[in-house]
């Protein structure tokens, strides 16, 4: 549904990551240690503030408590990994 509507997909399901190299309009996976409303909301808002809307197509981001991983789908379909520690 998110793909059909050109929308960012926000999920807590890490099972979505194997498809990060496929064509999509953005994938945000939130993985806090204590998965309840407040930490999930905080990480989603942080990611949305960090990446402008025009950068999301083809971008996959995993937000954890202290680490963020991101991949950009390459033109040949293979993802480019990146990781940084959050402050």
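The values are calculated or read from the model by the stated rules, or taken from the named source; none is laboratory data. Fair warning: this is a prediction, and the values are worked out from it, not measured in the lab. As a convention, Cβ positions derive from the backbone with ideal geometry for all residues, glycine included, and neighbour counts pool all protein chains shown.
If you go through region 32-49 and keep only what is part of a helix (DSSP H, G or I) and farther than 22 Å from residue 19 by Cβ, you end up with 37, 38, 39, 41, 42, 45, 46, 49. The single condition from (1) at pLDDT below 90; (2) in a strand (DSSP E or B) that residue 29 fails is (1). Each residue in region 28-73 was checked for being under 20 Å from residue 15 (Cα atoms) and under 11 Å from the mean Cα position of the chain (by Cα), and 21 of them qualify. For region 52-61, check the following and say yes or no: at least one residue is over 18 Å from residue 73 (Cβ atoms), at pLDDT 90 or above and not in a loop (DSSP other than H, G, I, E, B). For region 52-61, residues over 18 Å from residue 73 (Cβ atoms), at pLDDT 90 or above and not in a loop (DSSP other than H, G, I, E, B): absent.
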